[in-house]
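Each remark here refers to the structure printed beneath this line.
Nothing in this text is a laboratory measurement; each read-out follows from the coordinates by a stated rule. Here the structure is a predicted model, which is why all the values come from computation and not from measurement. Note that we place each Cβ from the backbone using ideal geometry, even for glycine, and neighbour counts take in every protein chain shown.
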Amino acid sequence: MALSSELRAQIERTLAQHKVVLFMKGSRHMPRCGFSAQVVSILDGYSVEYHTVDVLSDSALREGIKEFGSWPTIPQLYFQGSLIGGSDIVKQLDESGELLPTLGMQAVEIKAPEITITSGAIAAIRGASQEAEPGQHLRMELKQSGRTIDMYFDKPQPTDFRVESGGLTLLFDRASARLANGIAIDFVDGPQGGFKIDNPNLPARVRQLGPGELKAKLDQKMPIRVYDVRGDQERALAGLAVARPFDAQALAELEGLPKDTPLVFICHHGLRSQTAAEQILQRGFRNVYNLRGGIDAWSTEVDPSVPRY
């Protein structure tokens, strides 16, 4: 499929409007392929400001961006309108320490992470290492900004950080080392046991709040702010008295609030409010909630006098 002039102009406008653009599968908060997730994890680890475009939402764009950049795969990372490359290139630049300078930012010194590992975890790792090949050590690979951690035995790479603890050697690539400082590793026996890892570096995320939980907070007069992301007609049809419209005035209001202010977002069923909550999270707010099930769940679980539609 040839790249149309209209689509080329659309891509060029996007690149002109944003310094760093990632064409990917899925969204920043919900990548839909491992390679896209890898690049998101690397960029988020440095708190890079970047714009994402979901190529899965437009088949013409999915094929057109490949022709535009003469690059056959997705994701594709651009800086000031120029293609940097795909996931392999981004990872190579990160491992060499060249990624941030490539994005016009100052390089960050990365050090071997300091970790805490319990005797139970050490024993479990030693037991598992009996099946590893000679020369292999436990690798900890942190993904999605540290939200997920893969642990497996692997041979060291030249750019790895090696952490010695309890007679064990743990391996971290540069991206993982950046996200791993201060983690604590434990092991719990039993059917529901396994490795338990506490990572203090995890970014804030939108938390789900049930209707009953929201009612309890309101009854206790807790200092929370509730924003309704729906339009005027929907709010008039079925609304929550304490909820403010999520409009330009609300956005201006948020600019002056402390970043630890508890914020709750609501809509009809909880989908639009989730999106709005994630956007506000990117502004630095740490206590952001989405009303699970929206105003419909509030009606069925808390206040049946609120109409359902």
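Report the antiparallel proportion of the DSSP beta bridges in the chain as a percent, rounded to a multiple of 5.
Working: 25 of 46 bridges.
If we restrict to bridges inside the chain, about 55 percent are antiparallel.
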Given a Förster distance of 45 Å, report the FRET efficiency between GLU131 and HIS269 from their Cβ-Cβ distance, rounded to the nearest 0.05.
0.40
Trypsin sites (Lys or Arg not before Pro) lying in DSSP loop within region 97-185, provided at most 12 other Cβ fall within 10 Å:
LYS111
What aspartates and glutamates could a cross-link reach from LYS215, if we take a straight Cα to Cα line under 15 Å and drop same-chain neighbours fewer than 8 places away?
ASP296, GLU301, ASP303
For the pair GLU67 and LEU237, how long in nm is the line joining their label points, each one 7 Å along Cα→Cβ?
4.2 nm
Unsatisfied cross-links (Cα-Cα over 22 Å) in the set LYS143/LYS259; LYS19/LYS259; LYS91/LYS143
LYS143/LYS259; LYS19/LYS259
R0 of 22 Å, Cβ-Cβ distance GLN282-ARG244: FRET efficiency to nearest 0.05:
0.65
In nm, the gap between the two label points placed 7 Å beyond Cα toward Cβ at ARG13 and CYS33 is 2.5 nm
Between (1) 60, 38, 37; (2) 68, 58, 35; (3) 59, 52, 34, which matches Cα extents along the principal axes in Å calculated for the structure shown?
(2)
I'd like the FRET efficiency for LYS155 and GLU98, computed as 1/(1 + (r/R0)^6) with the beta carbon distance as r and R0 of 30 Å, rounded to 0.05.
0.80
Across PRO101, PRO158, PRO75, the residue with the highest GNM fluctuation in the chain (Cα network, 10 Å cutoff) is PRO158
At 222 nm, what helix-only mean residue ellipticity would the chain give, in deg cm²/dmol to the nearest 500, using -39500 (n - 2.57) for each DSSP H run of four or more?
-10000 deg cm²/dmol
Report, by chain and number, residues whose modeled amide H sits under 5 Å from the one on ARG244, excluding near sequence neighbours (fewer than 5 apart, same chain).
VAL226, TYR227, ASP228
